Amino acid sequence: MFIKSALKMGLNVLTDFPLAPLTTFGIGGPAKYYLKVHTAQQLMDALRLARQFGLPFRVLGQASNVLISDAGYDGLIIHNHSAHFEELPAAEDLKVPVFPRFPELFEVSAKDCRPLLLRIASGMRLSALIRAMHRQNMLGLEWFAGIPATTGGALYMNAHGGPCFFGDFIHSARLFDGRQVKSVDASYFRFAYDYSILHQTREIALDITLYGWRGPVEQAKQFYKWWASQKRIQPQTSAGCIFQNLNEQDRQRLNLPTSSVGYFIDRVLRVKGMRKGDAVVSNAHAAFIENTGKARASDVLFLINLIKNEALKKAGVRLKLEIELIGFDEM
């Protein structure tokens with residue numbers, strides 16, 4: 001009945017769909033149901049159907065910050081490919097809370113720029129958005145170069161790039177809970193480190209309105225290319241940093257020069273290079289766990305638990321996961 005209902009709405013549901021190829025980790029079993037959506041309307045229709053049939057569901061963007069169970073996901077995976085982008089009318093005296101801090105080398109400053117508002121579909125990739133902005137002489141999101149995320153995922157996680165957080169650029173958004181649409185401003189999200197209120201409400205962003213600027217785009221392009229090249233040296237077949245950085249209290253208590261969790265795992269726990277199957281605590285950056293071949297989710301979880309236990313035993317630190325776990329009980 002679920003598949004027939006979806007077809008009547010023009011939604012093509014696939015069954016036993018392999019999820020590993022969708023993820024940057026390259027790990028995970030199949031989804032019972034899989035559906036790709038290209039518009040906000042299709043996203044809403046898919047969510048309504050999931051509610052109607054009592055199906056558990058998860059929405060994926062670039063699947064760069066997730067670990068999917070070896071058994072897969074016994075529900076509906078909605079793969080969000082909506083990618084609409086437009087400039088909105090804005091008042092001449094539009095007040096913007098922040099301007100990204102660019103290195104002096106690239107000489108981009110707020111005094112040379114005019115603020116504007118952009119409405120972006122939640123499935124649009126950050127890299128595609130930044131390039132689209134550059135083509136229209138817009139800038140502002142260059143610190144997020146090299147982050148494999150959609151705008152919806154960046155909103156959900158309050159993604160951080162260099163000195164910036166994605167939440168710094170949020171003006172407002174439209175959210176959907178499977179029943180009704182509501183518009184909210186930036187304060188609604190209660191942004192914190194790797195956190196937004198969506199972690200609790202599980203509402204899905206349909207589109208997001210961001211602050212941007214029109215200005216010296218050539219300098220912004222140069223910075224974008226340089227920063228993206230810096231990100232490429234990080235392990236690619238991974239899910240990014242597995243754990244959040246240490247809080248300031250733990251950093252001071254342990255007398256560490258940095259709150260970097262990679263430094264902590266490397267220099268304090270000394271488990272860099274630890275391996276389970278084809279999963280390894282990266283020798284390039286200890287904050288990452290890499291899939292060096294055919295690693296399983298169980299291999300990654302073994303290393304996650306090893307690091308968490310060592311952190312508690314050796315340093316009294318309770319590490320917090322930065323990635324999302326799908327298809328098994330969250331830790």
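The values are calculated or read from the model by the stated rules, or taken from the named source; none is laboratory data. This structure is a prediction, so every number in the text was calculated from the model and none was measured. Note that we place each Cβ from the backbone using ideal geometry, even for glycine, and neighbour counts take in every protein chain shown. Heads up: the accessible areas ignore ligands, DNA and RNA and are worked out on the full protein's heavy atoms, side chains in. Shrake-Rupley method; radii C 1.70, N 1.55, O 1.52, S 1.80 Å.
Yes or no, residue by residue, for (1) exposed (fewer than 15 other Cβ atoms within 10 Å of the Cβ); (2) of a type in the set (Phe, Trp, Tyr); (3) outside any loop (DSSP other than H, G, I, E, B):
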site	(1), (2), (3)
Lys225	yes, no, yes
Gln230	yes, no, yes
Leu246	no, no, no
Arg251	no, no, yes
Val300	no, no, yes
Asn305	yes, no, yes
Lys308	no, no, yes
Ala311	no, no, yes
Arg318	yes, no, no
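When the residues of segment 131-148 are filtered to those that are in a helix (DSSP H, G or I) and under 16 Å from Gln219 (Cβ atoms), the one that is most open to solvent (accessible area, probe 1.4 Å) is Arg135.
Among residues belonging to segment 177-223 that are in a helix (DSSP H, G or I) and touching a His at 6+ places or on another chain (Cβ under 6 Å), point out the one that is farthest from Asn65 (Cα to Cα). Step by step, filter segment 177-223, then rank; the result is Val217.
What about Tyr156, is it modelled with pLDDT of 95 or more and either in contact with a Leu (Cβ under 8 Å, 6 or more places away or on another chain) or part of a loop (DSSP other than H, G, I, E, B) (or both)? Here the answer is yes, as Tyr156 does meet what is asked. In this structure, is Arg190 at pLDDT below 95 and open to solvent by 60 Å² or more (accessible area, probe 1.4 Å)? Taking the combined requirement at face value, the residue does not satisfy it.
Inside segment 159-173, can you point out the residues that are assigned to a strand (DSSP E or B) and either open to solvent by less than 20 Å² (accessible area, probe 1.4 Å) or touching a residue at least 40 places away in the same chain (Cβ under 8 Å) (or both)?
Passing the criteria: Gly161, Cys164, Ile170, His171, Ala173.
Quick one: in segment 320-331, which of the residues that are of a type outside the set (Val, Ile, Thr) and in contact (Cβ under 8 Å) with a residue 12 or more places away in the chain is least open to solvent (accessible area, probe 1.4 Å)? Quick ask: steps written out before the conclusion?
First, pick out the residues of segment 320-331 that are of a type outside the set (Val, Ile, Thr): 320-322, 324-325, 327-331.
The next check asks that each one be in contact (Cβ under 8 Å) with a residue 12 or more places away in the chain; those that pass are 320-322, 324-325, 327-328, 331.
Details: Lys320: 130, Leu321: 40, Glu322: 22, Glu324: 25, Leu325: 7, Gly327: 38, Phe328: 53, Met331: 92 Å².
Across segment 320-331, the extreme among qualifying residues is Leu325.
Among residues that are at pLDDT 95 or above, small (Gly, Ala, Ser) and more than 19 Å from the chain's Cα centre (by Cα), Gly277 is included.
In the condition set (1) closer than 24 Å to Lys294 by Cβ; (2) under 23 Å from the mean Cα position of the chain (by Cα), Leu43 is compliant with all but (1). Applying the criterion of being more than 20 Å from Val268 (Cα to Cα) and either of a type in the set (Val, Ile, Thr) or part of a loop (DSSP other than H, G, I, E, B) (or both) to the residues of segment 284-298, the residue that is least open to solvent (accessible area, probe 1.4 Å) is Ala295.
The single condition among (1) free of Cβ contacts under 8 Å to residues at least 60 places away in the same chain; (2) crowded, with 16+ Cβ neighbours inside 10 Å; (3) more than 24 Å from Ala50 (Cα to Cα) that Ala154 does not satisfy is (3). Just give me the residues in segment 28-56 being open to solvent by 10 Å² or more (accessible area, probe 1.4 Å), of a type in the set (Gly, Ala, Ser) and without any contact (Cβ under 8 Å) to a residue 60 or more places away in the chain, in sequence order. Within segment 28-56, just Gly54 meets the criteria. Considering Phe106, Phe99, Phe85, the condition of being among the aromatic types (Phe, Trp, Tyr) and over 22 Å from the mean Cα position of the chain (by Cα) is satisfied by Phe106 alone.
Give the residues of segment 80-98 that are buried (at least 16 other Cβ atoms within 10 Å of the Cβ) and either in contact with a helix residue (DSSP H, G or I) (Cβ under 7 Å, 6 or more places away or on another chain) or of a type in the set (Gly, Ala, Ser) (or both), sorted by residue number. Matches in segment 80-98: Asn80, Ser82, Ala83, Phe85, Ala90.
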